[in-house]
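K.L.:
I am attaching a structure below and will ask some questions about it afterwards.
The values are calculated or read from the model by the stated rules, or taken from the named source; none is laboratory data. Remember, it's a predicted structure, so these values are computed and weren't measured experimentally. A quick note on method: Cβ atoms are made from the backbone with ideal geometry, for glycine too, and the neighbour counts reach across all protein chains shown.
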Amino acid sequence: MKDMSSKKNIAIIGGGPAASTLAILLSKKGYKVVIFATKEKAPILVGESLVPMIIPMLKDLGVEEEVASYSIYKPGACFTFDATEVFDFRFSDTPSDLPSYAYNVPRDKFNQTLLNAAIKAGARVVARKVELTVDEEGQIKLDDKSLQEASNYWDRNEPDLIVDSAGRANLIGRVLDIPMENGPRQDVALFAHVDQTELVDPGYVHNDRIKQGWCWRIPLPGRVSFGFVVPENYALKHGETAEQQYDNLLNKDAVLKQLAPNAKRVTEVLRFKNYQSISDKLCGKKWVMLGDSGGFIDPVFSSGMLLAMDSAYKLAEVLEQDKPLSDYEDIIKQHLQAWFEIVSYYYNGRLMTAIKVGDSLEDNWFNRILTPWISGHVSRIFSGAAGSKGFSLSLLRFLVKYGLKDRKPDYYKIK
Ligand SMILES: Cc1cc2nc3c(=O)[nH]c(=O)nc-3n(C[C@H](O)[C@H](O)[C@H](O)COP(=O)(O)OP(=O)(O)OC[C@H]3O[C@@H](n4cnc5c(N)ncnc54)[C@H](O)[C@@H]3O)c2cc1C
């Protein structure tokens with residue numbers, strides 16, 4: 001049985017990348033799409049480091065040129081352990097079916113580019129914070145004012161489908177009390193922009209292990225996004241407020257101090273927690289969750305924006321082919337679970353240990369063939385492709401289990 005009988009009037013809540021991508025795709029197919037995007041704006045937004053697998057989507061949506069005009073070209077990613085040992089991944093060294101670059105984007109501009117493209121494609125934007133309720137039959141409802149604002153655009157009073165792409169607000173999950181599956185890490189991410197830091201490779205996203213946890217540096221025009229991902233109890237030792245925790249860590253942690261000795265913070269600090277989670281359900285009668293509202297895994301491999309935009313493509317395809325929404329749910333859950341697994345191999349040290357073993361294999365003809373083949377699959381993690389490539393993931397699973405030789409993964413573990 002199909003989850004919905006008609007598919008023409010669509011309410012999309014949230015003005016982020018997931019919402020706008022879906023709006024562009026559906027509007028181009030003739031759907032009547034209304035995006036409800038709240039006017040409230042956070043001072044800075046996470047999600048600035050894109051992975052190469054987003055590039056084909058930017059091209060398809062017709063926005064790459066505009067995004068490139070205000071972003072930093074990103075040729076790769078590097079991961080540093082103990083300030084000396086650097087794992088450098090250049091996207092142009094990855095297999096030829098993968099895009100060879102990405103961008104670091106100022107998120108406010110990126111959101112606006114996608115939203116403008118949605119409007120150009122025919123979507124209507126209503127600047128409004130939506131409130132949801134559930135009626136006696138268990139049906140999700142938009143508040144009256146939102147319905148009123150959209151009604152002259154739709155050809156019915158109610159939408160045929162409500163898409164929750166309001167990000168971590170997880171509107172439908174909260175109103176229906178849907179449980180979340182949580183990951184093992186109890187980290188907080190402290191996020192701000194600073195004026196300067198030295199980089200190993202220009203344009204690269206930099207990941208450095210610190211005393212407890214790790215930090216990211218994402219070069220942006222005129223500034224650097226500098227974020228710390230640390231266990232919650234470790235953050236609490238450095239103060240109560242997000243600002244205290246951030247500034248104290250920056251001044252006291254040996255690695256952070258070394259990475260940005262003269263850095264000046266130029267924004268306020270945002271704090272995120274409880275983000276490793278997947279909603280038990282992603283769809284129901286006339287509703288569906290898209291992007292972060294359905295789950296977010298971890299910032300470490302910059303997979304969030306890819307998953308958000310890719311899930312819009314998957315949902316558009318399911319709607320267009322009039323398939324049940326549960327088909328969409330199955331694919332997205334698979335991808336989220338795959339990233340849960342990949343990310344766990346970073347935190348437990350097994351991924352870097354396996355890469356190290358691969359780099360140190362004896363030089364013989366067999367290894368000369370095997371090693372590039374394996375590293376091609378491993379590199380799919382950094383380009384974003386591994387989460388949807390079953391074979392690469394199975395190979396990775398095998399490597400981290402049986403391919404560590406006698407090396408102990410603890411050396412690369414993240415506390
Ligand atoms: C610490 C951290 C670091 C990250 N770093 C990266 C990274 O470097 N690279 C990467 O790819 N991903 C990263 N991510 C993930 C990335 O930010 C998200 O996956 C991505 O933003 C999800 O897009 P979205 O459209 O689903 O949600 P969002 O971008 O959160 O957009 C949701 C929108 O809905 C709006 N909204 C909320 N409630 C309502 C309402 N009631 N009515 C109307 N509108 C509403 C919000 O204002 C917002 O604009 C990071 C995440 C975290 C937590």
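K.L.:
Which is closer than 19 Å to residue 175 by Cβ and within 16 Å of the ligand (Cβ to nearest atom), of 284, 294?
P.N.:
294 is the lone residue from the list that is closer than 19 Å to residue 175 by Cβ and within 16 Å of the ligand (Cβ to nearest atom).
K.L.:
Scan segment 321-333 for residues that are surrounded by 13 or more Cβ atoms within 10 Å (Cβ to Cβ) and modelled with pLDDT under 95 and report the count.
P.N.:
Total satisfying the criteria: 0.
K.L.:
Just to be sure I understand, how many residues within segment 130-140 are in a loop (DSSP other than H, G, I, E, B) and within 14 Å of the ligand (Cβ to nearest atom)?
P.N.:
Summing the residues that are in a loop (DSSP other than H, G, I, E, B) and within 14 Å of the ligand (Cβ to nearest atom) in segment 130-140 gives 2.
K.L.:
I'm trying to understand the selection: among the residues of segment 241-281, which are under 30 Å from residue 324 (Cβ atoms) and either modelled with pLDDT of 95 or more or away from the ligand (no atom under 16 Å from the Cβ) (or both)?
P.N.:
278, 279, 280, 281 - these are the residues of segment 241-281 that are under 30 Å from residue 324 (Cβ atoms) and either modelled with pLDDT of 95 or more or away from the ligand (no atom under 16 Å from the Cβ) (or both).
K.L.:
Considering 23, 18, which residue is out of contact with any strand residue (DSSP E or B) (no Cβ under 7 Å at 6 or more places or on another chain), within 16 Å of the ligand (Cβ to nearest atom), under 16 Å from residue 165 (Cα atoms) and assigned by TED's automatic domain parsing to the domain that holds residue 289?
P.N.:
Selected residue: 18, the only one of 23, 18 that is out of contact with any strand residue (DSSP E or B) (no Cβ under 7 Å at 6 or more places or on another chain), within 16 Å of the ligand (Cβ to nearest atom), under 16 Å from residue 165 (Cα atoms) and assigned by TED's automatic domain parsing to the domain that holds residue 289.
K.L.:
Between residues in segment 320-341 that are under 20 Å from residue 23 (Cβ atoms) and residues that are of a type in the set (S, T, N, Q) and at pLDDT 95 or above, which pairs lie under 7 Å by C-beta distance while being six or more apart or on different chains?
P.N.:
As it stands, the answer is 332/311, since those pairs meet every condition given.
K.L.:
OK, next. Could we say that residue 300 is in contact with a Phe, Trp or Tyr (Cβ under 6 Å, 6 or more places away or on another chain), within 12 Å of the ligand (Cβ to nearest atom) and not polar (S, T, N, Q) here?
P.N.:
For residue 300, the condition - in contact with a Phe, Trp or Tyr (Cβ under 6 Å, 6 or more places away or on another chain), within 12 Å of the ligand (Cβ to nearest atom) and not polar (S, T, N, Q) - is met.
K.L.:
Among the residues of segment 245-263 satisfying the criterion of being polar (S, T, N, Q) and assigned to a helix (DSSP H, G or I), which is surrounded by the most Cβ atoms within 10 Å (Cβ to Cβ)?
P.N.:
The extreme case among them is 245.
K.L.:
Specify which of the listed residues (310, 253) is in the same structural domain as residue 159 (by TED's automatic domain parsing) and of a type outside the set (A, V, I, L, M).
P.N.:
Just one listed residue meets the conditions, 310.
K.L.:
Okay, next question. Among the residues of segment 293-346, which ones are under 10 Å from the mean Cα position of the chain (by Cα) and aromatic (Phe, Trp, Tyr)?
P.N.:
The answer is 296, 301.
K.L.:
Restricting to segment 281-321, count the residues that are basic (Lys, Arg) and assigned to a helix (DSSP H, G or I).
P.N.:
Going through segment 281-321 one residue at a time, the tally reaches 1.
K.L.:
Considering only residues of segment 7-56 that are among the hydroxyl-bearing types (Ser, Thr, Tyr) and not in a strand (DSSP E or B), which is surrounded by the fewest Cβ atoms within 10 Å (Cβ to Cβ)?
P.N.:
Taking the candidates together, the pick is 38.
K.L.:
Let me ask something else. From 201, 177, which residue is at pLDDT 95 or above, farther than 21 Å from residue 307 by Cα, more than 20 Å from the chain's Cα centre (by Cα) and of a type in the set (Asp, Glu)?
P.N.:
177
K.L.:
Okay, next question. Based on what the data block shows, is residue 77 within 17 Å of the chain's Cα centre (by Cα) and outside the structural domain of residue 141 (by TED's automatic domain parsing)?
P.N.:
yes
K.L.:
So, one more: Run down 67, 63, 33, 51 and say which single residue is among the hydrophobic types (A, V, I, L, M, F, W, C), within 13 Å of the ligand (Cβ to nearest atom) and in contact (Cβ under 8 Å) with a residue 24 or more places away in the chain.
P.N.:
Within the list 67, 63, 33, 51, the selection yields 51.
K.L.:
Do we have any residue at all in segment 169-186 that's assigned to a loop (DSSP other than H, G, I, E, B) and farther than 20 Å from residue 295 by Cα?
P.N.:
The answer is no; no qualifying residue exists.
K.L.:
Please pick out the residue among 61, 115 that is in contact with a strand residue (DSSP E or B) (Cβ under 9 Å, 6 or more places away or on another chain) and either over 25 Å from residue 355 (Cα atoms) or among the hydrophobic types (A, V, I, L, M, F, W, C) (or both).
P.N.:
Result of the check over 61, 115: 115.
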